[in-house]
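A short worksheet on the structure shown next.
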Amino acid sequence: MDNHDFDIWKERGYQEFLKRSSYDPQGRRAFVAKQRAEEIARTAEKKLDTLDNLLKRHHDDRTIIFTANNDFAYDISKEFVVPCITHQTETDERTEILERFRTGEYSMLVTSQVLDEGIDVPAANVGIILSGSASKRQYAQRLGRILRPTDDRQPARLYEIITDNTKEQYVSTRRRQGVSTSADG
Amino acid sequence: MLTADLARSRTRNGTVQPLFIDVGDPQYRETAAELIQIFEDHIGEPKGELEETIDQLTIADTDYKIVQGLAKLLKDECEFETVAAAEPQDIRQLLFQKSNKTYPIVRQPTLGEDTQKLEVYSTVADKLGISLEECYRGMYADLDDNKRLVQFGHRVSDGHEDSAKTSTTTQLTGDSEESYAEDAITVDWLLTRYNLALAQAVLYDATRMQIRVWDSFGTVFSYVKLFGLMHRIYPIDGAGNRIADTDAADGYEAILDGPASLFSKSRKYGIRMANFLPALPLCDRWEMEAEILGDEATGNTVAFDLDHTDDLSSHYSSQGDFDSDVERTLAQKWERANTDWELVREDDVLDLGAEVMIPDFAVEHPDGRRAILEVVGLWTPEYLDDRLTKIREADADNLLLAVSERLDCSSEDFEGMDDRVLWFKSGIHVYDVVELADEHATEMS
């Protein structure tokens with residue numbers, strides 16, 4: 001049986017791959033493998049060590065850590081005992097956490113994508129992106145929200161931690177191209 | 001039931017057919033057995049781990065949509081609960097308050113002033129009087145993924161009390177937990193349920209259903225009423241032709257129509273028909289013809305036919321001993337009420353000429369007077385109009401209708417139109433029925 005009568009690199013090849021993975025057993029196996037690879041790239045243990053170093057450097061700052069998936073946000077929340085907001089967080093608790101962050105009662109926050117739209121995020125002077133999607137708009141919005149120095153002494157900083165030699169490298173490059181293009185134009 | 005995305009059917013020449021699976025096929029039996037095993041192994045474990053195991057499953061080359069469908073049916077038999085030694089939100093708040101004073105919390109200790117997370121967790125655990133592990137695991141125990149599988153079918157996880165399930169609730173959502181026959185979860189049970197669920201999924205888009213049954217009428221029509229389906233029932237002969245004489249009837253035909261005007265852009269009514277379907281295989285001989293909305297834009301429909309030769313089997317109870325919420329509540333209220341009138345269950349078929357009605361209750365007075373009460377839960381103006389006309393024509397003077405106001409289809413249109421209609425909002429009041437009975441009851445013959 002020929003399961004390779006489509007080319008994943010051609011136009012619509014990826015869509016064909018996704019379609020096939022729902023009913024073709026081999027396609028399904030490939031899909032599961034791809035999900036695992038992405039998961040590993042996103043949550044690489046190394047990233048936590050890098051984050052560890054950043055947090056040591058910035059523990060006196062006001063820091064927001066961004067992740068692209070909920071699981072990783074919760075992992076970080078547990079590992080570094082940092083308040084966490086995801087789309088699963090109840091409104092009451094989200095409001096409370098943001099308010100405490102605003103008043104300075106909390107100095108750190110980890111969140112998945114929910115802060116992107118419609119939520120008034122208190123100012124922070126350090127942003128750390130642990131993994132993300134290639135969306136240009138989302139990235140620019142995140143930057144805009146982070147780049148607010150809280151005092152005159154220090155500039156705001158944004159870090160992005162990516163895993164070398166994975167799809168993330170490509171995604172990150174493409175994303176930054178997007179941002180500089182829009183800044184020039 | 002299956003979610004719409006897990007439905008599997010094929011449409012050809014204006015007919016739609018679910019893609020049933022062969023219950024005897026070793027491949028599907030292996031898949032079903034493995035899935036059941038996975039659920040049993042995950043009793044007491046977090047929901048997220050169960051879902052991830054299913055998500056990464058590739059069994060016996062079975063189409064993943066079938067795997068997901070089977071898993072959905074098994075998940076319907078599960079109960080998940082937050083299991084934690086203290087309120088998770090309290091644990092979190094204490095942890096964050098404590099940690100904020102002790103940052104940085106580090107993985108690799110340095111020579112500077114830093115903290116290990118263990119210190120934070122143990123301080124909070126002591127404060128709450130719980131163990132370190134309970135504190136760590138309880139922190140996010142309320143997340144959906146972290147809820148524990150506490151019950152799967154009849155199997156309960158250790159240390160968890162079997163919660164007595166309330167049976168027979170009919171909600172207007174059509175999502176009702178009817179009285180299931182008590183079954184253990186086996187490979188046969190699962191594969192049989194799956195085929196039934198595929199047929200049910202086709203009915204989500206049903207606009208009209210016609211059924212014919214030649215036995216178990218009482219049970220079937222109890223389910224029609226339980227799911228609040230608008231119905232017209234006609235006596236038929238052995239060949240399925242309508243006949244005029246109820247006494248000579250071999251079976252009954254029922255038309256269940258879904259009013260597009262009332263429920264357009266909503267699957268609610270189709271879901272009721274889907275809920276009703278498992279009642280049919282309780283009969284030895286039955287037929288069903290449904291119209292399924294094929295294309296929402298054009299309103300084109302396709303045909304969906306099933307009968308007793310399709311080898312479906314039911315998990316519904318064949319004991320007709322259940323009531324809708326409205327009926328049960330009325331019966332309970334009646335017991336507490338102070339009236340000479342008595343509420344009794346009515347099983348008799350009421351002849352309306354070419355049609356029949358199956359009323360819910362009779363109200364009887366010790367002096368020999370009697371009235372019949374029919375509860376109409378779901379209706380359109382056309383349906384109600386039709387009912388009232390038929391009832392008037394049939395000279396059924398002692399028939400009372402209790403009609404729900406809850407649906408937003410202008411009860412004002414009918415206000416005062418018929419003095420035997422009792423409008424109710426959430427429940428029927430005993431004394432309203434008594435008042436109408438006093439007016440309209442007739443002597444028992």
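State all residues of the range B:352-375 that are in a strand (DSSP E or B), of a type in the set (Asp, Glu) and open to solvent by 30 Å² or more (accessible area, probe 1.4 Å); if no residue qualifies, say none.
Residue satisfying the conditions is B:GLU364 alone.
For the range B:207-234, give me each residue that is farther than 21 Å from B:VAL376 by Cα and in a strand (DSSP E or B).
Passing the criteria: B:ARG212, B:VAL213.
Say whether the condition of being over 25 Å from the mean Cα position of the chain (by Cα), acidic (Asp, Glu), more than 21 Å from B:SER404 (Cβ to Cβ) and at pLDDT 90 or above is met by at least one residue in the range B:290-310.
no
B:ASP395: of a type in the set (D, E, K, R) and in a strand (DSSP E or B), yes or no?
It is false that B:ASP395 is of a type in the set (D, E, K, R) and in a strand (DSSP E or B).
Residue-by-condition table, conditions (1) within 10 Å of chain B (Cβ to nearest Cβ); (2) open to solvent by 40 Å² or more (accessible area, probe 1.4 Å); (3) modelled with pLDDT under 70; (4) in a loop (DSSP other than H, G, I, E, B):
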{"residue": "A:ASN3", "(1), (2), (3), (4)": "no, no, yes, yes"}
{"residue": "A:ILE8", "(1), (2), (3), (4)": "no, yes, yes, yes"}
{"residue": "A:LEU18", "(1), (2), (3), (4)": "no, yes, yes, no"}
{"residue": "A:LYS46", "(1), (2), (3), (4)": "no, yes, no, no"}
{"residue": "A:ILE65", "(1), (2), (3), (4)": "no, no, no, no"}
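Condition first: within 15 Å of B:GLN93 (Cβ to Cβ) and hydrophobic (A, V, I, L, M, F, W, C). Can you find one or more residues in the range A:63-81 that meet it?
Among the residues of the range A:63-81, at least one is within 15 Å of B:GLN93 (Cβ to Cβ) and hydrophobic (A, V, I, L, M, F, W, C), which makes the answer yes.
Of all residues in the range A:77-92 being within 11 Å of chain B (Cβ to nearest Cβ) and open to solvent by less than 30 Å² (accessible area, probe 1.4 Å), which is farthest from A:GLN154 (Cα to Cα)?
This residue is A:THR89.
For residues in the range B:54-98 being open to solvent by 50 Å² or more (accessible area, probe 1.4 Å) and of a type in the set (S, T, N, Q), which is farthest from the other protein chains (Cβ to nearest Cβ)?
Looking at the filtered set, the residue picked out is B:THR82.
Going residue by residue through the range B:106-113, is there one that turns out to be among the basic types (Lys, Arg) and either more than 12 Å from every other protein chain (Cβ to nearest Cβ) or in contact with a helix residue (DSSP H, G or I) (Cβ under 6 Å, 6 or more places away or on another chain) (or both)?
yes
Quick check on B:ALA394: is it surrounded by 18 or more Cβ atoms within 10 Å (Cβ to Cβ) and either in contact (Cβ under 8 Å) with a residue 24 or more places away in the chain or not small (Gly, Ala, Ser) (or both)?
Considered against the rule, which asks whether it is surrounded by 18 or more Cβ atoms within 10 Å (Cβ to Cβ) and either in contact (Cβ under 8 Å) with a residue 24 or more places away in the chain or not small (Gly, Ala, Ser) (or both), B:ALA394 comes out as no.
Looking at B:LEU378, B:LEU293, B:LEU312, which one is within 23 Å of B:LEU256 (Cβ to Cβ), open to solvent by 10 Å² or more (accessible area, probe 1.4 Å) and in a loop (DSSP other than H, G, I, E, B)?
Matching residue, one of B:LEU378, B:LEU293, B:LEU312: B:LEU312.
Do we find that B:ASP386 is at pLDDT below 80 and not in a loop (DSSP other than H, G, I, E, B) in this structure?
So B:ASP386 fails the test.
Residues checked against (1) within 11 Å of chain B (Cβ to nearest Cβ); (2) of a type outside the set (S, T, N, Q):
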site: A:ASN53; (1), (2): yes, no
site: A:ASP71; (1), (2): yes, yes
site: A:ARG94; (1), (2): no, yes
site: A:ILE97; (1), (2): yes, yes
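The values are calculated or read from the model by the stated rules, or taken from the named source; none is laboratory data. Just so you know, these numbers come straight off a predicted model, no measurement behind them. Every residue, glycine among them, receives a Cβ derived from its backbone with ideal geometry; neighbour counts consider all protein chains shown. Heavy atoms of the whole protein, side chains included, go into the accessibility calculation; ligands, DNA and RNA do not. Shrake-Rupley method; radii C 1.70, N 1.55, O 1.52, S 1.80 Å.
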